[in-house]
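Here the structure is laid out as structure tokens; the discussion comes afterwards.
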Amino acid sequence: MTHDGTGCTLGELLGNERLRLTLLVDRAGAESRPVHGARLASGGADLAEVAEDVVLVAATRPATGGDLLAVVADALALPGSRVIAVRLPPGALPKRLEHAVGRHILLGLPDDVDPTELIAEIARSTAPADEAPTRRLTSLQRSLTQALTEPDPLRALTARVARICNAVVTLVDSHGSAEHASGPLPLSLLFPEIARTQSEAQRFTIEGWYGMAVRVATSASAGERTGWLVAAGRRPAFPDQYSEAALYIAASLAETSLQIELAAQRQERAVRSAVLEEALALRLERHDTELAGRIASLGLSFEQETRVIVAEPALGVTTARDVAALESLHAGLQRTLVSEGLPHLLVLRESALVGLVQASSSAVRRVFVKAGTPTEGLVVGIGRDAAGVGHVADSYHDAQLALRVLRRDGTGRRLMAYEDFDFATRLFSDVGLDRMGEWAKELLRPLEDNQTMLATLSTYFEHRQNIMTAADALAVHHNSLRYRLSKIESALDLSLRDPSAVSSLFLALTALSMVEAEAWDQRRITPADREEQTGEIRGAGATGSVLADPERGLALSARFGAAVGPER
């Protein structure tokens, strides 16, 4: 029996989730075999009158009481090439049937699937030609869309497309790595071929593999991911039109899933960044119960060891390469912290990566190693254990102080924790930024209105008190630098040959730069209802001081390598 209409292909039936058909004996080109009808096979001579595009369903015992396998054997004895569906118990195909298959195509129908479902599905495909393609595509889209409800939608979508196309399907990222795959593919051969094209889709034939790749891309905003949905098989006829449609639909759904994932990630990062920024700005009022509750809701508890980490460009000036390195470090830390099960908050600024991690100093070091040691252009500071939300800012300033020490360190170290501080540095850290800032302003007050002298002194320490290299950096003669240093000694009434004077000046300059960075961060991230407190921080110095002038403060902070906000 045949029907007027479009019908379907055997590949579409094999990809039907409800039927779960299998090819008992593999046949080249079987998936493209057209099917226009189905009927129950009960044996007898009437089977010879059935057209070859009709599936014979041998799923029940014949009325004569004969053996089911005998009905299948009768169908296999027919001339030509027939499609025969048989419901067999689990196990290998009987030898006598395997030898008799010949040119026929033998399908396995699961025991728990009613044979009438197969016949009904084939009947639906014989609708009038103007309706059948729409119905088939709608059914295909509905089947693929259901994969998005799975816990891992992209993996489920890949597996479902593989069953529908009866091919190996892989979701490949922009670097040619398989993110989800239904089977092995020679990506080292395939990816260079498909990566060269600028089109949305590309067919390929490589080393006996025939297939198609459809581009999968998210928006051009932050977090862009571009890759390919690749399907390949060993049969030259692949892909047919139905498989192409499945790939285009699946690629569109994969893009949708990635867009949802990226939107959720951006939203979560924005929330975490806002909470962390507010905690870093918490200076005057240390007992913010609401903020502590918000941090706890994000998985962090100050009952366990919790530290602030800061990564910045080693030279204090951000280049495009530094930005790329910070973004790479951010992604690596995010993955590693999640895999290690360490609660954390991370915020990526334009010139720094700042995080709050619930872990010991040694554990944080291990995380950096697993995530990839920072490149030559970055340095990392780890603050003290924050005993509560009010101490997050203290840990943050420890990390900043570690960065400044690293920049002046000639050993090549790129990571320093609070526990690594020497005696003087730990004293500076434990005394606190506010008090050290007051002492620094008092010590440097004679140079307050002389930016040239301040810059000279800063450069002198940056070059480890080497007259020649510091003079080169300032573009002055070394005798001119010596003259300036003598004027500084006279103004401050101290000697640069005195170790205590040298350490005092170093700490004072560092404190001054950190006070300026702190004042700038407070103006950038403090809520409007805390403007009065922010004003108190800005007004810590005398009228006309460097601290009271944002532009002068920013210039000084840049000279000393201070970390300020994205707007610097």
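The values are calculated or read from the model by the stated rules, or taken from the named source; none is laboratory data. Note that the coordinates shown come from a computational prediction; the quantities given were computed from them, not determined experimentally. So basically every Cβ, Gly included, is an ideal-geometry build from the backbone, and we count neighbours across all protein chains shown. Keep in mind that these areas ignore ligands, DNA and RNA; they rest on the heavy atoms of the full protein, side chains included. Shrake-Rupley method; radii C 1.70, N 1.55, O 1.52, S 1.80 Å.
The numbered conditions (1) in contact with a Lys or Arg (Cβ under 6 Å, 6 or more places away or on another chain); (2) not in a helix (DSSP H, G or I) are all true for ALA147 except (2). Taken as a whole, the condition of being farther than 19 Å from GLY29 by Cβ, at pLDDT 85 or above and either open to solvent by 40 Å² or more (accessible area, probe 1.4 Å) or acidic (Asp, Glu) (or both) does not apply to TYR210. Hey, does the stretch 184-199 have a residue that's assigned to a loop (DSSP other than H, G, I, E, B), touching a Leu at 6+ places or on another chain (Cβ under 9 Å) and free of Cβ contacts under 8 Å to residues at least 40 places away in the same chain? Scanning the stretch 184-199, I find no residue that is assigned to a loop (DSSP other than H, G, I, E, B), touching a Leu at 6+ places or on another chain (Cβ under 9 Å) and free of Cβ contacts under 8 Å to residues at least 40 places away in the same chain, so the answer is no. Considering LEU137, LEU157, the condition of being out of contact with any Gly (no Cβ under 8 Å at 6 or more places or on another chain) and either at pLDDT below 85 or of a type in the set (Asp, Glu) (or both) is satisfied by LEU137 alone. Say we look at the stretch 361-388 and pick out the residues that are assigned to a helix (DSSP H, G or I) and among the β-branched types (Val, Ile, Thr); which of these is modelled with the lowest pLDDT? Selected residue: VAL369.
Name every residue in the stretch 388-412 that is aliphatic (A, V, I, L, M) and more than 31 Å from the chain's Cα centre (by Cα), in order of residue number. Within the stretch 388-412, just VAL405 meets the criteria.
Applying the condition of being in a helix (DSSP H, G or I) and of a type in the set (Ser, Thr, Tyr) to the stretch 389-443 and asking which residue is most open to solvent (accessible area, probe 1.4 Å) yields TYR418.
Scan the stretch 236-251 for residues that are assigned to a helix (DSSP H, G or I) and either touching a helix residue (DSSP H, G or I) at 6+ places or on another chain (Cβ under 8 Å) or open to solvent by 60 Å² or more (accessible area, probe 1.4 Å) (or both) and the total you get is 9. Determine whether the stretch 42-57 contains at least one residue that is at pLDDT below 80, within 51 Å of the chain's Cα centre (by Cα) and more than 27 Å from PRO236 (Cβ to Cβ). No. Taking residues in the stretch 295-321 that are within 20 Å of LEU401 (Cβ to Cβ), and partners anywhere that are open to solvent by less than 60 Å² (accessible area, probe 1.4 Å) and of a type in the set (Lys, Arg), the pairs with Cβ atoms closer than 8 Å and at least 6 places apart or on different chains are ARG307/ARG384; ALA314/ARG407; LEU315/ARG407; GLY316/ARG407. Which residue pairs have Cβ atoms closer than 8 Å, lie 6 or more positions apart in sequence or on different chains, and pair a first residue in the stretch 341-353 that is closer than 14 Å to VAL367 by Cα and open to solvent by 10 Å² or more (accessible area, probe 1.4 Å) with a second residue that is hydrophobic (A, V, I, L, M, F, W, C) and part of a loop (DSSP other than H, G, I, E, B)? Taking only residues 6 or more apart or on different chains, the pairs are LEU342/ALA359; PRO343/LEU298; PRO343/LEU300; HIS344/LEU300. Among the residues examined, THR197 qualifies as surrounded by 12 or more Cβ atoms within 10 Å (Cβ to Cβ), farther than 15 Å from SER257 by Cβ, modelled with pLDDT under 85 and among the hydroxyl-bearing types (Ser, Thr, Tyr). Within the stretch 213-226, the set of residues being modelled with pLDDT of 85 or more and open to solvent by less than 30 Å² (accessible area, probe 1.4 Å) comprises ALA213, VAL214, VAL216.
The residues of the stretch 470-507 that are open to solvent by 60 Å² or more (accessible area, probe 1.4 Å) and over 24 Å from ASP449 (Cβ atoms), listed by number, are ASP472, HIS477, ASN479, ARG497, ASP498, PRO499, SER500. Go through the stretch 469-513 and give me each residue that's closer than 18 Å to ASP409 by Cα, modelled with pLDDT of 90 or more and β-branched (Val, Ile, Thr). Listed by number, the list holds a single entry, THR469. On inspection, ASN466 does not qualify as modelled with pLDDT under 90 and either in contact with a Cys (Cβ under 6 Å, 6 or more places away or on another chain) or more than 23 Å from PHE423 (Cβ to Cβ) (or both). Mind listing whichever residues of the stretch 375-388 are open to solvent by 10 Å² or more (accessible area, probe 1.4 Å) and either more than 19 Å from LEU333 (Cβ to Cβ) or not small (Gly, Ala, Ser) (or both)? Within the stretch 375-388, THR375, GLU376, ARG384, ASP385, ALA387, GLY388 qualify. For the stretch 458-477, the set of residues classified as within 16 Å of ILE488 (Cβ to Cβ) and either touching a helix residue (DSSP H, G or I) at 6+ places or on another chain (Cβ under 6 Å) or in a loop (DSSP other than H, G, I, E, B) (or both) consists of SER458, THR459, TYR460, PHE461, HIS463, GLN465, ILE467, ALA470, ALA471, LEU474, VAL476, listed by residue number. Within the stretch 408-427, residues that are within 15 Å of SER504 (Cα to Cα) have Cβ atoms under 8 Å from residues that are open to solvent by less than 80 Å² (accessible area, probe 1.4 Å) and polar (S, T, N, Q) in these pairs: ALA424/SER503, counting only partners at least 6 apart in sequence or on another chain. Scanning the stretch 324-338 for residues being farther than 14 Å from VAL369 by Cα and out of contact with any Gly (no Cβ under 6 Å at 6 or more places or on another chain) gives a total of 4.
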